[in-house]
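The values are calculated or read from the model by the stated rules, or taken from the named source; none is laboratory data. Note that the coordinates shown come from a computational prediction; the quantities given were computed from them, not determined experimentally. Cβ atoms come from the backbone with ideal geometry, glycine included; neighbour counts cover every protein chain shown.
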Amino acid sequence: MAKKGSILVVDDEEIMRDVLETLLSAEGYRVDLARTGEEGLEYYGRKPYDVVLLDVSMPGMGGLRALEEILKADAEAVVLMVTAYATFDTAIAAWERGAAGCIRKPFQNELILERVANGIKRRRKEEERQTLRRALSRNADRGGIVGRSERMQSVFRLVDQVAPARSTVLITGESGTGKELVARAIHEQSPRAQKPFVTVNSSNIPSELLESELFGHTRGAFTGAVAAKKGLFEVADGGSIFLDEIGDLPPETQARLLRVLQEREFTPLGDTVPRRVDVRIIAATNVDLKEAVRQGAFREDLYYRLAVVPIELPPLRERREDVIALAQHFIRKYAEENGREVSEAVAPEVLALLEAYTWPGNVRELENVIERAVVIAPGTEITRECLPTEIADPRHSIGAATSAGAGAIDVSRGIDFYDEVRRFEVDIIRRALEQTGGHQ
């Protein structure tokens, strides 16, 4: 008969051990026997069991103490206490210490088998939940990038594929979609992970200073250059340089960047000797570079050099299934930062409002909203009152959602907002139950 699970019986009475071994083995369970609490701990230290049947009264280490030690080793252990003295106080003490139940001797065989079968189911469900949590953790959070949607899973797969190479990557997407996080994930999964990751925001540096920042300069190269300075390309040697807002580069800097990409070398301002560097370039932009090329604002040859591996990040309104995971991620982050005990189990009404909103500022806007909500939450729960007016007010949320198109709430049909909230609640609850195996 195939083994249905593993049981550890810990009892100082030989006849009781024999009875339980015979009964449980006949049902297909693999059974190990221990005579004392200390011996039971040794067995459990070698391998976990699906269920432990643990006698309360034993010489040496008593059952309640053994229960505590087993749960220290495995917090999810399923331990059934067995005692000839099943008083109310004993049962309460066992429950308080984490026992799954308390069985009184003498017992009926059917009761033992029923309790053990229920214990096996509990253990299996917890193992499934842990497996799911590990899988979701791997698939939903990559270096701070959170996403369970198929669109984001495609991004994760592309990051995994491109990270080991040295090819140039162009990340596109609206502001606030997480382009720098993707760039950092590529760097951290690459062989260059121990080398510098240098970020340059092209739009924040005046054009007249940008080339000096990127390529460095010699002393006296221009007015104010009182000392030689390394450029960021040289600082990033061996690692990666992230050129954010690449579409804002002035034409003369585009030409010099193209040379770096082609020749893997640059010349600091005021110098005549080229310097070679080993730098991987990861660029990002929130503008349509193809359109910029057509308008003559961006060099076509530079575009094709940058877009060897293009990665497009979708806006948050096109991956609404990620809103809950992102919100919970930011709740954990800002609750810890601010010393607040705020529950990740956000009320269905709040989740419905978050999902209904179109997030024009994308993930960055959601992060700001959640940080504010965590800080001002009146207790351990984020309420509707913690949200900004444009999200908490149905008129704003519906209007924004309507303008987003697909997946929006259609107010033209006169649907009451609170009916929509209830629909969202049902969807959220159903999803939660599916993910937790029906655990309420």
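For this structure, a couple of remarks:
- Selection count where residues are closer than 16 Å to THR177 by Cα and in a loop (DSSP other than H, G, I, E, B), scope the stretch 302-354: 4
- Residue among ARG256, ARG320, ARG305 that is surrounded by 15 or more Cβ atoms within 10 Å (Cβ to Cβ), within 23 Å of VAL159 (Cα to Cα) and modelled with pLDDT under 90: ARG320
- For the stretch 375-384, the count of residues that are surrounded by fewer than 22 Cβ atoms within 10 Å (Cβ to Cβ), under 18 Å from the mean Cα position of the chain (by Cα) and either in contact (Cβ under 8 Å) with a residue 24 or more places away in the chain or in a helix (DSSP H, G or I) (or both) is zero.
- Which listed residue is farther than 27 Å from SER175 by Cα, crowded, with 18+ Cβ neighbours inside 10 Å and among the small types (Gly, Ala, Ser), from GLY220, GLY216: GLY216
- Screening GLU252, GLU234, GLU213 for residues that are of a type in the set (Asp, Glu) and free of Cβ contacts under 8 Å to residues at least 40 places away in the same chain leaves exactly one candidate, GLU213.
- Pick from the stretch 226-252, criterion touching a His at 6+ places or on another chain (Cβ under 9 Å) and not small (Gly, Ala, Ser), ranking: farthest from LEU302 (Cα to Cα): LYS229
- Of all residues in the stretch 154-210 being of a type in the set (Asp, Glu) and outside any loop (DSSP other than H, G, I, E, B), the one that is surrounded by the fewest Cβ atoms within 10 Å (Cβ to Cβ): GLU208
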